[in-house]
Amino acid sequence: MITQDRILTFPLIIVFVFTSLISFAQDSFAIKNVSVIAMIKEEVLRDQTVVVEKGIIKKISPSAKTKLSNGVKVIDGTGKFLMPGLFDMHAHFFYEQGAHINTNETELKLMLANGITTARIMAGHPSYLQAKANVKDEKWIGPELNVASPQLVGKWPFSTEFKNYEMVTSEANANEAVETFKRQGYDAIKITFMVNMPVYNAIVAAAARAKIKVVGHVGPLVMLPAALEAKQQIEHMDMFIETLLPDTSYNHGQSVSDFNIYSKAAWETVPHLMESKIPALAKRVKDAGIYVTPTNYFFISNAGLPLTDEEIKNKPDYNYIPSNLKQEKWRYRDSYIKKMAPLASREKYVHIRKQMVNELWKSGVPLMAGSDSPEFFIVAGFALHDELRTMVDAGLTPFAALQTATVNPATFLGMNNRTGTIAVGKEADLILLDKNPLDDINNTRSIAGVSSGNSWLIKSDIQKLLEETKNILGK
Ligand SMILES: [Zn+2]
């Protein structure tokens with residue numbers, strides 16, 4: 001089956017790469033009469049002209065005062081909004097699933113077509129380091145990649161066919177894994193689950209020596225206080241909800257963080273969760289000085305208030321899921337739905353996840369937008385816009401939501417000197433929107449152009465990319 005798929009897609013991929021490089025490469029261009037949302041402060045600069053040369057922003061000035069040199073390609077930005085390209089801080093590839101078919105290049109194109117100019121890949125694999133290099137060398141078009149290591153785990157109960165994990169059960173294992181992944185070029189050390197406390201401490205110490213960040217899940221063998229102490233960058237708000245249990249703890253201190261969405265006993269704690277404890281939780285997280293990626297859309301739309309069959313099929317994402325994976329995904333979803341907790345508990349869980357995001361934001365914790373695509377029916381690119389909308393549903397202003405996908409992740413990744421805001425000297429990671437995202441966060445979807453590296457994609461290029469990637473992935 002794999003071989004057959006590869007034979008079929010191979011000629012298509014060649015044709016698309018070839019046409020892509022020819023039609024998109026632009027040495028320099030200027031976007032005229034555009035409203036700039038630079039993401040430095042909450043303001044819109046009207047009637048600006050932004051000049052880009054060889055992928056770098058050379059000039060931002062009022063259009064009336066700007067003279068353009070001959071031969072510069074001019075893009076009319078009248079009535080449109082220019083903002084920094086988006087970051088998806090939690091992404092995976094379909095390669096990890098089903099029959100392990102490598103469609104990395106196509107998924108990166110799909111991210112770019114959705115305005116994502118930087119993506120962090122959260123469970124490393126050698127092919128992802130190669131993908132990162134291919135984008136950097138302009139062999140592929142796609143977002144710049146930041147690739148976390150293969151996930152460090154204490155146990156691996158899944159298929160062992162695809163090696164994007166490393167078992168670490170001793171301090172020696174931990175040291176070796178951290179050093180090896182640093183040497184191989186991974187950008188962070190990813191922890192997933194069942195890592196015990198001595199091993200966790202060894203990972204944190206080894207990472208500090210190797211000067212590499214520790215990111216990822218917080219498991220029940222570690223719990224939140226130790227993760228905050230270690231200043232780990234936390235995904236999914238793991239173990240946050242546990243701190244809302246009454247002091248006389250239920251269920252050994254566990255609630256519905258992370259994989260516990262599958263645990264009946266964990267859901268039984270939900271009626272006892274104390275919303276009044278959220279401000280104190282937010283303060284502890286703020287004091288630790290860490291960044292948090294809530295991935296709230298993922299948890300809400302799949303576990304809290306799962307979308308209906310109709311809603312799933314009507315999302316654009318659905319057309320991009322390989323058919324061999326669709327069956328598996330429906331099976332997982334149906335088995336979850338059959339056993340899921342009562343509606344009142346799930347509504348409370350959703351409310352609490354939103355309240356936690358709200359309080360973290362109000363307390364000044366830097367949040368980062370992550371889609372966790374392609375899990376369940378969530379697909380690269382589209383799902384990041386859903387996550388931004390979910391940030392606003394939690395009470396963030398549209399500007400604050402946009403920060404979670406621009407300046408905050410750029411700062412966390414140490415890239416803010418070259419991307420994350422629109423300023424002279426920065427890379428031209430830009431998206432052009434038909435409508436103002438500060439009026440309505442859903443307007444991040446009104447993409448009229450995307451610039452990344454030397455590529456400038458106009459609307460017809462984006463349409464073409466969306467069609468091409470659908471034909472490859474969705475068949
Ligand atoms: Zn993930």
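If you wrap the Cα atoms of region 274-432 in a convex hull and average its projected area over all directions, you get 11.2 nm². Karplus-based coupling profile of region 362-370, in residue order and whole Hz: 5, 7, x, 6, x, 9, 10, 7, x, with θ = phi - 60° in 6.51 cos²θ - 1.76 cosθ + 1.60 and x standing for Gly or Pro. Sparse packing (at most 15 other Cβ atoms within 10 Å of the Cβ) combined with a DSSP loop state is found for the following GluC sites (Glu not before Pro) in region 151-214: GLU161. Considering only beta bridges that DSSP places wholly inside the chain, some 45 percent are antiparallel. Once both labels are positioned 7 Å from their Cα atoms along Cα-to-Cβ, the gap between ASP247 and LYS313 label points is 5.3 nm. Too long at a 32 Å Cα-Cα cut-off: which of LYS354/LYS475; LYS132/LYS338; LYS190/LYS326; LYS339/LYS459; LYS54/LYS80; LYS58/LYS136? Going by Cα-Cα distance, LYS354/LYS475; LYS132/LYS338; LYS339/LYS459 fall outside the 32 Å limit.
Sequence-ordered 3J(HN,Hα) estimates for region 58-72 from the Karplus curve with 6.51, -1.76 and 1.60 and θ = phi - 60° stand at 9, 7, 10, 8, x, 4, 4, 9, 9, 9, 9, 6, 4, x, 6 Hz, glycine and proline given as x.
For region 363-475, rounded, prolate or oblate, judged on the Cα gyration tensor with a ≥ b ≥ c (square roots of eigenvalues), a/c < 1.5 rounded, else prolate if a/b > b/c? Since a/c reaches 1.5 but b/c is at least a/b, the shape of region 363-475 is classed as oblate. In this structure the amide hydrogen of LYS213, modeled in the peptide plane, comes within under 5 Å of the amide hydrogens of ILE189, none closer than 5 places in sequence on its chain. Taken over region 314-395, the alpha-carbon convex hull comes to 106 cubic angstrom per residue. A simple rule links phi to the HN-Hα coupling: the Karplus curve 6.51 cos²θ - 1.76 cosθ + 1.60 with θ = phi - 60°, which for region 189-205 gives 9, 9, 10, 10, 8, 6, 7, 7, 4, x, 5, 4, 4, 5, 4, 4, 5 Hz, with x for Gly and Pro. Taking amide H as placed 1.01 Å from N in the peptide plane, the amide H of VAL147 sits under 5 Å from that of ILE121, ASP187, each at least 5 places away or on another chain. Remark: relative contact order (the chain) = 20 percent; criterion is Cα-Cα distance under 8 angstrom and separation of 6 or more residues. Tally up the carbon and sulfur contribution to the accessible surface of region 43-200 as a whole percent, 1.4 Å probe, everything protein left in place. Of all accessible area on region 43-200, carbon and sulfur atoms account for 50 percent.
Roughly how many percent of the accessible protein surface of region 335-392 is carbon and sulfur, given a 1.4 Å probe and a whole-percent answer? Carbon plus sulfur share of accessible area: 55 percent.
Database remark: amide H of TRP140 closer than 5 angstrom to the amide H of VAL135 (H placed geometrically; neighbours at sequence offset of 5 or more, or on other chains; Pro and chain starts carry no H). Taking the convex hull of the alpha carbon positions in the chain and averaging its projected area over all directions gives 21.5 nm².
Binning the C-alpha pair distances of region 62-162 at 5 Å intervals from 0 yields a P(r) profile of 2, 10, 18, 18, 13, 11, 9, 6, 5, 3, 2, 1, 1 %, listed from the shortest bin outward.
Of the residues TYR262, PRO84, PRO279, the one whose Cα sits farthest toward the positive end of the charge dipole of the chain, with +1 on the Cβ of Lys and Arg and -1 on the Cβ of Asp and Glu, is PRO84.
The values are calculated or read from the model by the stated rules, or taken from the named source; none is laboratory data. None of the values given here were measured: they were computed from a predicted structure. A quick note on method: Cβ atoms are made from the backbone with ideal geometry, for glycine too, and the neighbour counts reach across all protein chains shown. Note: areas computed on protein heavy atoms with side chains; ligands, DNA, RNA excluded. Shrake-Rupley method; radii C 1.70, N 1.55, O 1.52, S 1.80 Å.
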